[in-house]
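Below is one structure; the comments refer to it alone.
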Amino acid sequence: MPASPPRFGAQARVHGLMTQLARRHDLTAVMLVDDEFAAEECRRAMQAYCCEVVLVHNPHGWEGFAKRLLQLRSLASTRSFERLRVTVPALQRALDQVLRARRFDVVNLEFSFLGHCDLRQAPPGERLPPVVVDSHNIDYELARQYARAGRSLVRRLYAAANWRKLRREELGTYRDADGVYLCSAADERRLLDQIPGVRTTVIPNAADVEYYQPRPTDPPPDGRTVVFFGLLSYVPNLDGVTHFVQDIWPRIAEARPDARLKIVGGRPPASLLALAGPRVELTGFVPDLRPHLAAAAAVVVPGGGTRLKIVEAMAVGKAIVSTTLGSEGIEAVPGRDLLIEDQPAAFADAVNRLLADPDLAMAIGQSARRLVVQRYSWSGAAQALEGFYRQILQGTRSST
């Protein structure tokens, strides 16, 4: 997917790292773009920091009848649905042209799904570039979790047929890479358990701490609104918010008759739209998230995903209630920087505490803001990634 303009978690990670790296390095971007994105808008946004932007149309969308057909096709294939969705011959042709035209120091691969592409190419006589993979998630582990505990039988059955293919492809991509960077120490351990010799580092998700910060023009917390935000077609987000609405929200609504739930994010499926009501609002995509966060009394993160929502809400100074999985990779102190509860009743009680005690919510939000500024800015993350690139370059040069 194109990195910019960033409108959901995975984009925000790529955009944040690329814009910071571009301050000191020359970047070329080759990216797939499907019909869900405005290609020219994305091109203009990325040309602000890239020397060259090549966007290749992907005919395989994330939604609708075409997606279902591709899923059915994947059942009869040795390749995973995720691999089939990004198998686009025009992408390889674009990569051939770019990589053979000039020498690159590093090829950075976003997501393991594109590991089948030939990325180690260079002009005649030039050194081949090392390949470094950004692992946003250990995706086959997510798929395996759906196979065991998906919210629908169809999803469980499909994940059971798909996750082993995804595992073979994903681990093959990591094994062939010169380095892999991951979002959390837990994911790093999972990978090293499977491939002990791979070179890894942790580059945690971060936030644009200048953009996401409390502003005097923002509305004050209203004392009653609970906010969830994220891309709603992304399965971990959808599962998390559905679990919250069905299993946790009724407990909050019973204890706090004035409470309101606001779900912010694009591409909500019909199953989620059906849960809307007088006290549950779905806004759809919003161009500026900050006023919605500012007015919230609390932010909830009841599931997994890339955890961008945690650091962005922290940067705005909001009190968050999350699960252990939802906050994985964020070195926050429970009770000081956020509240963590894994059981529905305890999660609801934690939200109700914040609604009842604005001073507690403010103190947690202020502590969260300090943590993000100190440890989770994109500038710091990009500097760490730059150091990882240099280690890999030194290692590949010494071995040739």
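The values are calculated or read from the model by the stated rules, or taken from the named source; none is laboratory data. Values in this document were obtained by computation on a predicted structure and should not be read as measured data. All Cβ positions, glycine included, derive from the backbone under ideal geometry; neighbour counts span all protein chains shown. In case anyone asks, the SASA skips ligands and DNA or RNA and just uses the protein heavy atoms, side chains included. Shrake-Rupley method; radii C 1.70, N 1.55, O 1.52, S 1.80 Å.
If you go through the range 344-368 and keep only what is crowded, with 20+ Cβ neighbours inside 10 Å and touching a Lys or Arg at 6+ places or on another chain (Cβ under 9 Å), you end up with Phe347, Ala348, Val351, Leu355, Ala361, Ile364, Gly365, Ala368.
Only helices (runs of 4 or more DSSP H) whose full extent lies in the range 26-118 are considered here, and the ones with at least 1 residues that are open to solvent by 50 Å² or more (accessible area, probe 1.4 Å) and touching a His at 6+ places or on another chain (Cβ under 7 Å) are 64-75.
Scanning the range 164-192 for residues that are open to solvent by less than 30 Å² (accessible area, probe 1.4 Å) and either polar (S, T, N, Q) or free of Cβ contacts under 8 Å to residues at least 60 places away in the same chain (or both), we see that the one that is nearest to Phe388 (Cα to Cα) is Val180. If only residues of the range 270-315 that are open to solvent by 40 Å² or more (accessible area, probe 1.4 Å) and closer than 30 Å to Asp187 by Cβ are counted, the one that is farthest from the chain's Cα centre (by Cα) is Ser271. Scanning the range 140-173 for residues that are in contact with a Gly (Cβ under 8 Å, 6 or more places away or on another chain) and under 23 Å from Ala381 (Cβ atoms) turns up Leu142, Glu170, Thr173.
Note on the range 82-113: among residues that are polar (S, T, N, Q) and out of contact with any Asp or Glu (no Cβ under 6 Å at 6 or more places or on another chain), the one that is farthest from Thr396 (Cα to Cα) is Thr87.
Residues in the range 254-269 that are at pLDDT 95 or above and either of a type in the set (A, V, I, L, M) or surrounded by 14 or more Cβ atoms within 10 Å (Cβ to Cβ) (or both) were compared, and the one that is farthest from Tyr212 (Cα to Cα) is Ala255. Filtering Ser322, Ser327 for residues that are within 26 Å of Tyr211 (Cα to Cα), without any contact (Cβ under 8 Å) to a residue 24 or more places away in the chain, out of contact with any Lys or Arg (no Cβ under 6 Å at 6 or more places or on another chain) and open to solvent by less than 40 Å² (accessible area, probe 1.4 Å) leaves a single hit, Ser322. Looking only at the range 83-104, decide whether some residue is under 23 Å from the mean Cα position of the chain (by Cα), at pLDDT 95 or above, among the polar types (S, T, N, Q) and within 25 Å of Ser233 (Cβ to Cβ). Taking every residue of the range 83-104 in turn, at least one turns out to be under 23 Å from the mean Cα position of the chain (by Cα), at pLDDT 95 or above, among the polar types (S, T, N, Q) and within 25 Å of Ser233 (Cβ to Cβ).
Taking the range 234-276 as the region of interest, the helices (runs of 4 or more DSSP H) fully inside it that hold 3 or more residues being free of Cβ contacts under 8 Å to residues at least 60 places away in the same chain are 249-255, 270-273. Within this structure, Glu341 fails the test of being modelled with pLDDT under 95 and open to solvent by 40 Å² or more (accessible area, probe 1.4 Å). Of the conditions (1) at pLDDT 95 or above; (2) out of contact with any Leu (no Cβ under 6 Å at 6 or more places or on another chain), Glu36 satisfies every one except a single condition; which number is it? The number of the failed condition is (1).
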